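Here's the structure, in structure tokens; my notes come after.
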Amino acid sequence: MKRKLQIGVAGTALFFGGLAIGQGVNPRVNPNIAAAQRYCHMAYDKVMDAQRANGGDMGGHAENAKNLLKQAADELRMAAEVHDNNVR
């Protein structure tokens with residue numbers, strides 16, 4: 001169980017690290033979408049904190065929530081890209 005949580009944490013860091021570095025929403029162009037994406041990241045971190053505090057096993061629901069937050073962050077990024085392409 002502990003090994004599974006460590007792998008999940010490493011995958012999370014890679015996912016959000018890549019998102020923040022290369023695929024983040026520009027807050028100057030899309031400030032509201034950037035804020036929403038930031039809140040997704042913050043919520044994801046809180047789910048990770050809850051998993052660590054509760055031994056990682058929450059019946060799969062925490063993992064589902066994290067996957068949905070990843071999906072939401074991706075959708076926000078794509079929404080910003082569509083906006084940016086239409087503005088040009």
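What follows draws every value from the coordinates through simple rules; no lab data is involved. Small disclaimer: the values here were computed from a predicted structure and weren't measured. All Cβ positions, even for glycine, are placed from backbone atoms using ideal geometry, and neighbour counts span all protein chains on display.
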Inset, instruction - Evaluate the range 37-88: find the radius of gyration of its Cα atoms, find its Kirkwood radius, and give the ratio Rg to Rh. - result: 1.18
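Run the numbers for N32 and A53: contour at 0.36 nm per residue of separation, minus the present Cα-Cα distance, in nm.
4.4 nm
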Inset, instruction - Tell me the label-point distance for the pair E75, Y39, using the 7 Å Cα-to-Cβ offset, in nm and rounded to one decimal. - result: 1.4 nm
